[in-house]
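Worksheet: the structure to be examined is printed underneath.
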Amino acid sequence: MDYGEILSKAWRIIWRHKVLWIFGVLAGCSSAGGNSGSSGGNVNYQFEPGELPDQFQFIPFQIQRFVENIPAWAWVLLAIGALALMAVVIVLTTVGRIGLVKGAATVDGGVERLAFSELFSASLPYFWRVFLLNLVIGLAIFFLVLVIVIPLAITVVGLVCLIPLACIAIPLLWLVSVVIQQSTVAIVTENHGLFEGLRRGWQVVTTYLGQHIVMAVILWIIGFVGALIIGIPLAVLIVPPLLDMAFNQGQVGSGLIVSIVLFLVYLPILLLGNGILQAYINSAWTLTFRRLTGPRPAAAEVVTVPPAPISP
């Protein structure tokens with residue numbers, strides 16, 4: 001397998017067809033985001049002696065007072081909103097991943113133009129299969145953790161056993177993630193059902209295990225470097241609160257507001273950068289599947305030409 005050809009073509013695909021960036025943003029919904037908050041400025045509270053040991057407990061005290069005043073019905077609405085948001089994120093993430101696989105495979109097949117509406121519509125028939133694929137694998141891992149990890153964690157001997165178990169679990173989880181990735185490609189590009197697609201993904205990964213290990217390492221490095229570059233500006237956001245604490249006797253006020261504003265300004269760039277990264281990685285995995293399972297050129301046939309008759 002030509003890794004250079006796959007990596008370079010994946011980049012050409014997402015650069016020429018920037019509609020895939022949108023699906024990359026959708027696919028990255030579960031991995032990109034941020035924390036937000038608000039502050040009313042430098043508010044000074046009068047505390048009873050011994051109530052707070054030092055001024056650095058200012059924010060936790062505010063949060064405690066705020067939480068205690070929230071009515072029960074607000075907690076119910078918050079829980080419903082969180083579940084609704086989780087459902088939206090799952091739907092967008094699934095559609096995004098399907099769209100990236102479908103788009104990369106379509107372009108690799110010779111199509112010169114991708115339209116968002118057409119690609120979105122073409123992705124919907126595969127939604128439930130891909131969603132259930134991730135749900136089944138996720139539930140299997142969850143119950144496996146309940147059965148194995150939790151009983152071991154409640155004893156001293158079990159805690160010691162968790163160390164080698166973790167060393168075994170890391171490569172196994174990597175294998176599972178690659179199988180899910182390739183099973184998704186199999187479902188979308190070969191129109192398999194849920195379990196048929198899972199068997200197909202397992203077959204491709206185990207048959208070409210060495211190629212998948214090399215590609216996984218390459219894409220992990222690319223993903224790590226890309227995420228590092230995208231995330232470096234976020235480190236700047238901690239500077240205003242630190243300066244505020246240094247020059248304002250440990251209290252955080254306007255510095256926190258500045259950080260929140262800067263984060264909101266940078267958020268679109270963060271989402272776009274993560275979307276491009278997701279588009280590239282998913283396109284590369286799609287091309288990997290197609291190169292390993294696609295038709296190979298037939299061997300050249302050797303034709304023996306009889307010698308011409310010698311004229312008398």
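Bear in mind that the values in this text are calculations on the coordinates, not laboratory data. On a predicted model such as this, the values are computed, not experimentally measured, just so you know. FYI the Cβ positions are ideal-geometry reconstructions off the backbone, even for glycines, and counts take in every protein chain you see.
Label sites at ILE90 and SER121, each approximated as a point 7 angstrom past Cα along Cα to Cβ, lie 2.8 nm apart. For the pair ILE163 and LEU292, label points projected 7 Å from Cα toward Cβ lie 3.4 nm apart.
SER8 to SER177: FRET efficiency via 1/(1 + (r/R0)^6), r the Cβ-Cβ distance, R0 22 Å, to the nearest 0.05? Intermediate values should be presented prior to the final figure.
Numbers: r = 24 Å, r/R0 = 1.09.
My answer for the efficiency is 0.35.
What are the semi-axes of the equivalent ellipsoid of segment 95-202, taken as the square roots of 5 times the eigenvalues of the Cα gyration tensor, listed largest first and rounded to whole Å?
Values: eigenvalues 276, 34, 24 Å².
For segment 95-202, the semi-axes come out at 37, 13, 11 Å.
Length gained on full extension, LEU267 to ARG16: 87.9 nm, using 0.36 nm per residue less the C-alpha separation.
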